[in-house]
């Protein structure tokens, strides 16, 4: 059965996957039996569950090693235990994929070493008496880093969901820690641990106190300065949080140049692909839109050439069309871009919305008001026909309304109204805010 259905991965949408069709392939000479095929599906599902469990378990090498060490410790084979413990210790020092995990694993190693002496202080060498203290310190470092990372995820989610809450319980706890005093103490014990904890403290400050742009800059500067300390996996995570801290910052109008710099750093350090060597459509499209807004054509071309084949397969066709449409638009070939959008066949929702927005921008720039009104009306109908989050929908409808107002201001050329409009959208949370502000500035230069 597995060999029969695997060819339809990853969509699994073919009519050939109907029970009767699968039965014909497996048992071509036997009449269809619902009970048998039902049992086969059930057993295959159980095997798939077991496979994923084992895959997850085997992907955690330190976890497997610690399970083995715990079992060896129960047996009278001290030399075997010590050899294995040293091997695991060397591996963990070499593979620092995540510092929260590194602190956790270091604590476990020291705890196992401590337990191997039977927890009897008299059996512990003088230089090993610090082990018990180290265990508690590593537990503290792990807990703080883990809490900060969890908080950053939560804060980003709350912002994206437009969820209003005065203060989170985790903020009350973390606000009660004197980070400066703690870090001064850590610095005396370990320079490396100080570097890691200092970065995490700055990361928390940037996300927690997002009304101060200097907090974001402090986190960014610290991350770039201490880049070498982190494994590739954690670098990628830290840059994601850096981008989140920029997005939620309310202190000033955020320049797209900041987003572009983050994209450049991630691109230059090969941090855009996940563990499966893939990039999501949304991330691929986001980088294209940012570099297009800034007219960074050289980078745009290089990025597209390097990453277009790494988009998840179900969205790869949409990614190719998206990249091509934006590349022509950025080069100034608006009609070629429109032609690609008109011929595009992907029904992927994010793709359709972005292409409709690009069409609206192009018709505005071509000064084709008839087509502009038609496309804006079509955009509103499309959003109303889809099951879309109300906040998400309102942002795009707001964009459409702003474009209509902008075009009418372009026709009237009233200086006072244009300046009022510019002030209104300056810090507004709207779709394509950079493009909107750019077009208003162009209009101001024209009429003044």
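No lab work stands behind these numbers, since they all come straight from the coordinates. Bear in mind that the values here come from a model prediction, so they are computed numbers and not experimental data. When we count neighbours, we look across all protein chains shown, and the Cβ atoms used for this are built from the backbone with ideal geometry, even at glycine.
Of note:
- For the pair residue 67 and residue 416, the difference between a 0.36 nm per residue extended length and the Cα-Cα distance amounts to 118.4 nm.
- For the chain, built as a Gaussian network whose Cα springs stay under 10 Å, the top-fluctuating residue of 298, 380, 393: 298
- Contact order, relative form, for the range 158-311: 17 percent (alpha carbon pairs under 8 Å, 6 or more residues apart, mean separation divided by residue count).
- Label sites at residue 79 and residue 438, each approximated as a point 7 angstrom past Cα along Cα to Cβ, lie 7.1 nm apart.
- Ranking of 135, 362 by count of other Cβ atoms within 10 Å, fewest first: 135, 362
- 18 Å cut-off, amide nitrogen to a point 7 angstrom out along residue 20 Cα→Cβ, residues in the range 32-69: 32-38
- Extension reserve of the residue 169-residue 331 stretch, reckoned as 0.36 nm per residue once the Cα distance is removed: 53.4 nm
- Working from Cα pairs under 8 Å separated by at least six residues, relative contact order for the range 1-120 is 16 percent.
- Distance-filtered residues of the range 347-361 - backbone nitrogen under 13 Å, label point 7 angstrom along residue 282 Cα→Cβ: 349-351
- Per-residue [θ]222 nm for the chain (sum of -39500 (n - 2.57) over DSSP H runs n ≥ 4, rounded to 500): -24000 deg cm²/dmol
- The C-alpha atoms of the chain define a longest principal axis, and helix 256-268 lies at about 50 degrees to it.
- Extension gain for the segment residue 32 to residue 405, taken as residue separation times 0.36 nm less the Cα-Cα distance, is 127.9 nm to one decimal.
- Length-normalised contact order of the chain in % [C-alpha pairs under 8 Å, at least 6 apart]: 8
- Translational diffusion of the range 1-53, µm² s⁻¹ [Kirkwood Rh, Cα pairs; Stokes-Einstein; 37 °C; 0.692 mPa s]: 277
- Look at 38, 149 and count the other Cβ atoms within 10 Å of each Cβ; fewest to most, that gives 38, 149.
- Nearest-ten-degree value, helix 131-160 long axis tilted from longest Cα axis of the chain: 20
- Calculated P(r) tail over 15 Å for the range 378-448, as whole % of Cα pairs: 54
- R0 of 45 Å, Cβ-Cβ distance residue 233-residue 41: FRET efficiency to nearest 0.05: 0.80
- Sorted by Cβ neighbour density within 10 Å, fewest at the top, the residues 353, 403, 36: 36, 353, 403
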